[in-house]
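Right, one structure below, let's go through it.
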Amino acid sequence: MEIKKVVVIGSGTMGSGIAAHLCNADVPVTLLDLKTEISEKARERIHKSRPPLLIDKSKINNIKVGNINEDFDTVKDADWIVEAVVERIDIKHDIYSKIFKNRKEGAIVSSNTSSIPIKVLSEKLTDNEKKDFCITHFFNPVRYMGLLEIVKNENNDLDKINSLKIFCEKELGKGAIVCNDTPGFLGNRIGVYAMQVAMTEAIKMKLSIEEADAVFGRPMGIPKTGVFGLYDLIGIDLMVDVLKSFKKELPETDDFQNVAKEIPLITKLINEGYTGRKGKGGFYRINKSNNDKVLEAINLDTEKYSSSKKIDLKMDTVDIVGLINRDDKYGKYSWSVISKIITYASSLVPGITDKFNDIDEAMRLGFNWAMGPFEMLNEIGPKNFFERLGQIKNNKFLENLSKSNEENFYGKRQLYTDIETLGKIKSYAMKIDKNKSANIYRFKDYNIVEFTTKANALDYNSMDCLKNATDKPLIIINESMQFSAGVNLSYTMDFVNKGDLKSVEKFIKYFQETCKHLKYSKFPVVSAPSGLTLGGGFEVLVQSNFVASHTNIVVGLVETMVGLVPAGGGCKEMLWRWSQSEESKKDPDFAPLKVFEIIGYGKTASSPIEAEPLKYLMPSDKKIMNRNSLFPTALKLINDNKNFIPDTECKFKLSGKPLKDKMIKLLEKLYNDNVILDHGMTVGSELANVLSGGDTSIDKTLSEDELYKLELDSFMRLIETKKTQDRINHTLTTGKPLIN
């Protein structure tokens, strides 16, 4: 069936998020609650939300609001009705009774519950009504989290379930996984168990919360919040409620019961108002000391707070095998946690799903894990795993795998979708080169470069892979959360701290050479970004020939925030783009002044629609709702450009000193208004020098290489200064900009 109109009942966090994302897909939606004023306030929250739930503020016009008493007739026209009210079964049953009396024949009805089984939700429905009823469990925030669990049971019309899955995949861009009606479904069953194991093992092994979070984080391929940080983020009291639900629904023999037992410290924290970030703090808290904010962590033994200590495991990339093989307490802890997660997840197959692969994908899409438990097992190797694990009890999956002696058991990835994704391609593409920062794959007659560093920050090795991959048509794309957060500032500062500025200059020159090489390569280069695409990451994108962008990007040039100017061609490319505008034909200073404002303020866009007015993306660039479709879209761009001819090099006419003087006047006003301070003037002046063309005049023509040289010279002058170094170090330490 076709889904053209949707009604969402319940305008809380999840209901609002679902409604907003339907708006993003241009699906008309009505949001109902007890009172219209409640729905109207939810609409306002959606419009003002940060990070934004809408890919463009105008999408809010797709939402109508109302209340369930006066406006319930809207259900009659809906093709899909989503219930997202409070997790009380009596309230849900009342809503369903009303929905099924009013819906049109065949309309899909679903609940967004995260914990109540479908058999309980549907117990008062007729057999005919049960055919059209399912659970659609979205993850929060709906726009950004890829996972959608569609929970079915034996009563469902499977054709209808499949049509809903296809709609949610194609129109809403979701990784829609169909699963059985079991407690916690796929993601939460494994994800919450993993959190509890990580916590209980840390307490048992007497690790500090900082140590546990350092291990149960990036080295394990898990977001850097770790387990205690994630508890604080979700809400400690909410997590206790989640655990109570699992304990109630699961049999006593389920191993979840062992890790879900009450922890006295958690009870104490809740009673004292320490419910996490939404309260006074939780396992971590911010305390004021001498007017400074200090992050403190609780000691699991003494239950007292003290300054949080940074734990450096000397592991910047995901390394499961290296982690569990460490001969220290971190190695013992990681093996204990990982082996238990793998054992528990495998014990649930085929109960929660007959495709173990889907469990991995649920953890990727719903919890942002780099790899799921079965991929971890594959990485460790079954033989090594079984030798270390010892006896296997009541686990048919592991028993069968052990008997088979099959080392390569995994098979294909991402079985939940028919799309030819990057994840599927990588499993049989040829890896032709790699280094510490990137991999090059050969697929058919194309190359793929995937960055592999933390946040895909760029360094010399990243550029090396890009340059070496242009012997064929090239797609630059990543499976990880970010396309690239920019140049690796730690890498750059290592040289600065050694007084080796020549190596910094050498790297920036090589970055420029590589980006120019991409732009004028014999074969087409396509960038397919998702997530952060900032600074140097944007400079790679903007000097690619084609772009296929996911709707969830954060894109822009933010170098001024760390006391630098873009030096990989960012200034040059933005100048060129704006110089093609109608306004620039009338006023040669229009483009430089516009770019001066955009880069000077470090403006970013959080979607392709927001990026176009800034010219970070162009109307011709492809915009994709479903991240899985980035690779096939990029591949189509290459196939559609078999006779590719690179552009001719850009030429620039800039006004020089008169233009720079205009920019300095703008800076002086900001300085006098205390918007910028002394170093802001210095950085702004260097940016003005680049964008005005330096020592030039309007009758001269500047080449791209001359613009690259201006960028490099300004970059080097700035990075030599202590104030820029202070800005960089502050950002590396706190993640926030320093205004000096």
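The values are calculated or read from the model by the stated rules, or taken from the named source; none is laboratory data. Only a predicted model underlies this, so the values are computations on that prediction, with no experimental measurement involved. Glycine gets a Cβ as well: all are built from the backbone with ideal geometry, and neighbour counts include every protein chain shown.
Of all residues in segment 249-261 being out of contact with any Ser or Thr (no Cβ under 7 Å at 6 or more places or on another chain) and surrounded by 11 or more Cβ atoms within 10 Å (Cβ to Cβ), which is modelled with the lowest pLDDT?
Residues of segment 249-261 out of contact with any Ser or Thr (no Cβ under 7 Å at 6 or more places or on another chain): 249-258, 260-261.
Adding the requirement that they be surrounded by 11 or more Cβ atoms within 10 Å (Cβ to Cβ) leaves 249-250, 254-258, 260.
Values: GLU249: 90, LEU250: 93, ASP254: 94, ASP255: 94, PHE256: 96, GLN257: 95, ASN258: 93, ALA260: 93.
The residue in question is GLU249.
Every residue in segment 676-730 that is assigned to a strand (DSSP E or B) and hydrophobic (A, V, I, L, M, F, W, C), please.
Taking segment 676-730 first, the residues assigned to a strand (DSSP E or B) are 702-703.
Result: LEU702, single match.
Kindly provide the set of residues from segment 75-99 that are under 34 Å from the mean Cα position of the chain (by Cα), among the acidic types (Asp, Glu) and either crowded, with 19+ Cβ neighbours inside 10 Å or modelled with pLDDT of 95 or more (or both), ordered by number.
Of everything in segment 75-99, those that are under 34 Å from the mean Cα position of the chain (by Cα), among the acidic types (Asp, Glu) and either crowded, with 19+ Cβ neighbours inside 10 Å or modelled with pLDDT of 95 or more (or both) turn out to be ASP79, GLU83.
Within segment 238-248, can you find the residues that are buried (at least 17 other Cβ atoms within 10 Å of the Cβ) and either not assigned by TED's automatic domain parsing to the domain that holds SER347 or not polar (S, T, N, Q) (or both)? First the steps, then the outcome.
Residues of segment 238-248 buried (at least 17 other Cβ atoms within 10 Å of the Cβ): 239-240, 242-243, 245-246.
Within segment 238-248, MET239, VAL240, VAL242, LEU243, PHE246 qualify.
Specify which of the listed residues (LYS502, LYS516) is surrounded by 18 or more Cβ atoms within 10 Å (Cβ to Cβ), in a helix (DSSP H, G or I) and not assigned by TED's automatic domain parsing to the domain that holds HIS21.
The match here is LYS516.
Go through (1) closer than 19 Å to TYR144 by Cα; (2) in a loop (DSSP other than H, G, I, E, B); (3) of a type outside the set (Asp, Glu) one by one and return the number of the condition LEU22 breaks.
(2)
Could you list, in sequence order, all residues of segment 522-542 that are among the aromatic types (Phe, Trp, Tyr) and in contact with a helix residue (DSSP H, G or I) (Cβ under 7 Å, 6 or more places away or on another chain)?
Selection gives PHE538 alone.
Filter segment 586-620 down to residues that are surrounded by fewer than 20 Cβ atoms within 10 Å (Cβ to Cβ) and acidic (Asp, Glu) and give me whichever is nearest to GLU686 (Cα to Cα).
Taking the candidates together, the pick is GLU597.
Does ARG43 satisfy being among the basic types (Lys, Arg) and either at positive phi or assigned to a loop (DSSP other than H, G, I, E, B) (or both)? Let's see the steps before the verdict.
Numbers: among the basic types (Lys, Arg): yes; either at positive phi or assigned to a loop (DSSP other than H, G, I, E, B) (or both): no.
It is false that ARG43 is among the basic types (Lys, Arg) and either at positive phi or assigned to a loop (DSSP other than H, G, I, E, B) (or both).
Which numbered condition in (1) within 20 Å of PRO373 (Cβ to Cβ); (2) free of Cβ contacts under 8 Å to residues at least 12 places away in the same chain is the only one that PRO223 fails?
(2)
Please enumerate the residues belonging to segment 154-187 that are over 20 Å from HIS550 (Cβ atoms) and β-branched (Val, Ile, Thr).
Once the filter is applied, which keeps residues that are over 20 Å from HIS550 (Cβ atoms) and β-branched (Val, Ile, Thr), segment 154-187 yields ILE161, VAL178, THR182.
Give the residue that is nearest to LEU53 (Cα to Cα), with candidates limited to residues of segment 7-17 that are under 27 Å from the mean Cα position of the chain (by Cα) and surrounded by 24 or more Cβ atoms within 10 Å (Cβ to Cβ). It would help to see each step written out before you state the result.
Residues of segment 7-17 that are under 27 Å from the mean Cα position of the chain (by Cα), as a first pass: 8, 10-17.
If we keep only those that are surrounded by 24 or more Cβ atoms within 10 Å (Cβ to Cβ) too, we end up with 8, 10-11, 15-17.
Numbers: VAL8: 16, GLY10: 17, SER11: 14, GLY15: 12, SER16: 9, GLY17: 7 Å.
Among residues in segment 7-17 that are under 27 Å from the mean Cα position of the chain (by Cα) and surrounded by 24 or more Cβ atoms within 10 Å (Cβ to Cβ), the one nearest to LEU53 (Cα to Cα) is GLY17.
Return the pair list, or none, for Cβ contacts closer than 9 Å from residues in segment 260-271 that are not assigned by TED's automatic domain parsing to the domain that holds ALA194 to residues that are surrounded by fewer than 17 Cβ atoms within 10 Å (Cβ to Cβ) and among the basic types (Lys, Arg), at least 6 apart or on different chains.
Close Cβ pairs satisfying both conditions: none exist.
Looking at TYR616, is it assigned to a loop (DSSP other than H, G, I, E, B) and of a type in the set (Phe, Trp, Tyr)?
Here the answer is yes, as TYR616 does meet what is asked.
Any idea how many residues of segment 467-490 are of a type outside the set (Val, Ile, Thr) and under 23 Å from the mean Cα position of the chain (by Cα)? Don't jump to the end; show me each part of the working.
Applying the first criterion (of a type outside the set (Val, Ile, Thr)) to segment 467-490 yields 467-469, 471-474, 478-486, 488-490.
Now narrow it down to the ones that are under 23 Å from the mean Cα position of the chain (by Cα): 478-486, 488-490.
Residues in segment 467-490 being of a type outside the set (Val, Ile, Thr) and under 23 Å from the mean Cα position of the chain (by Cα): 12 in total.
If a residue has to be within 19 Å of the chain's Cα centre (by Cα), surrounded by fewer than 23 Cβ atoms within 10 Å (Cβ to Cβ), under 21 Å from MET239 (Cβ atoms) and touching a residue at least 40 places away in the same chain (Cβ under 8 Å) to count, how many in segment 189-220 make the cut?
Count: 1.
If you take the residues in segment 731-740 that are of a type in the set (Val, Ile, Thr) and in a helix (DSSP H, G or I), which one is surrounded by the most Cβ atoms within 10 Å (Cβ to Cβ)? Before you say what the answer is, go through the steps one by one.
Let us first name the residues in segment 731-740 that are of a type in the set (Val, Ile, Thr), namely 731, 733-734, 739.
From the residues that got through so far, the ones that are in a helix (DSSP H, G or I) too are 731, 733-734.
On the way: THR731: 17, THR733: 10, THR734: 11.
Only one residue fits best here, namely THR731.
With the requirement that a residue be surrounded by 14 or more Cβ atoms within 10 Å (Cβ to Cβ) and in a strand (DSSP E or B), what does segment 419-438 give you? Give the derivation first.
At the first step, the residues of segment 419-438 found to be surrounded by 14 or more Cβ atoms within 10 Å (Cβ to Cβ) are 419-426, 429, 432-435, 437-438.
Within segment 419-438, ILE432, ASP433, LYS434, ALA438 qualify.
Only one of these is surrounded by 15 or more Cβ atoms within 10 Å (Cβ to Cβ), of a type in the set (Phe, Trp, Tyr) and under 20 Å from ARG388 (Cβ atoms): TYR344, TYR284, TYR274, TYR305. Name it. Even if it seems obvious, please write down each step before you answer.
Working: TYR284 fails: under 20 Å from ARG388 (Cβ atoms); TYR274 fails: under 20 Å from ARG388 (Cβ atoms); TYR305 fails: under 20 Å from ARG388 (Cβ atoms).
Testing whether each residue is surrounded by 15 or more Cβ atoms within 10 Å (Cβ to Cβ), of a type in the set (Phe, Trp, Tyr) and under 20 Å from ARG388 (Cβ atoms) leaves just TYR344.
Of everything in segment 47-67, what is in a loop (DSSP other than H, G, I, E, B), surrounded by fewer than 22 Cβ atoms within 10 Å (Cβ to Cβ) and not small (Gly, Ala, Ser)? Give them in sequence order. Please lay out each step first, then the result.
Start the filter on segment 47-67 by keeping residues that are in a loop (DSSP other than H, G, I, E, B), which leaves 49-56.
Those left that are additionally surrounded by fewer than 22 Cβ atoms within 10 Å (Cβ to Cβ): 49-52, 56.
The answer is ARG50, PRO51, PRO52, ASP56.
Give, as residue ranges, the helices (runs of 4 or more DSSP H) completely inside segment 533-603 that count at least 2 residues that are of a type in the set (A, V, I, L, M, F, W, C) and more than 19 Å from ASN689 (Cβ to Cβ).
Numbers: elements: 536-542, 570-579, 582-586, 590-600.
By residue number, 536-542.
Of all residues in segment 424-459, which are out of contact with any Ser or Thr (no Cβ under 6 Å at 6 or more places or on another chain) and small (Gly, Ala, Ser)?
Those that are out of contact with any Ser or Thr (no Cβ under 6 Å at 6 or more places or on another chain) and small (Gly, Ala, Ser): SER427, ALA429, ALA455, ALA457.
Which one of these does THR353 not meet: (1) of a type in the set (Val, Ile, Thr); (2) in a loop (DSSP other than H, G, I, E, B); (3) at pLDDT 95 or above?
(3)
Please work out if LYS662 is assigned by TED's automatic domain parsing to the domain that holds ASN740, without any contact (Cβ under 8 Å) to a residue 60 or more places away in the chain and closer than 30 Å to THR721 by Cα.
Spelling it out, it is not the case that LYS662 is assigned by TED's automatic domain parsing to the domain that holds ASN740, without any contact (Cβ under 8 Å) to a residue 60 or more places away in the chain and closer than 30 Å to THR721 by Cα.
Taking only pairs six or more apart or across chains, which ones have beta-carbon atoms under 6 Å, a first residue in segment 160-181 that is touching a residue at least 60 places away in the same chain (Cβ under 8 Å), and a second residue that is part of a loop (DSSP other than H, G, I, E, B) and hydrophobic (A, V, I, L, M, F, W, C)?
SER163/MET1; PHE167/ILE3; GLU171/ALA25; LEU172/ALA25; GLY173/MET625; CYS179/PHE185; CYS179/LEU186; ASN180/ILE352
Which residue out of TYR441, TYR491, TYR416 is in a strand (DSSP E or B), buried (at least 16 other Cβ atoms within 10 Å of the Cβ), of a type outside the set (A, V, I, L, M) and in contact with an Asp or Glu (Cβ under 9 Å, 6 or more places away or on another chain)?
After applying the criteria, what remains is TYR441.
Can you run down the residue pairs with Cβ atoms below 8 Å, 6 or more apart or on separate chains, where the first is in segment 521-536 and buried (at least 24 other Cβ atoms within 10 Å of the Cβ) and the partner is among the acidic types (Asp, Glu)?
These pairs meet every condition: GLY535/GLU559.
Regarding segment 476-486, can at least one residue be identified that is of a type outside the set (S, T, N, Q) and under 22 Å from ARG717 (Cα atoms)?
Taking segment 476-486 first, the residues of a type outside the set (S, T, N, Q) are 476-477, 479, 481, 483, 485-486.
Keeping just the survivors that are under 22 Å from ARG717 (Cα atoms) gives 486.
Among the residues of segment 476-486, at least one is of a type outside the set (S, T, N, Q) and under 22 Å from ARG717 (Cα atoms), which makes the answer yes.
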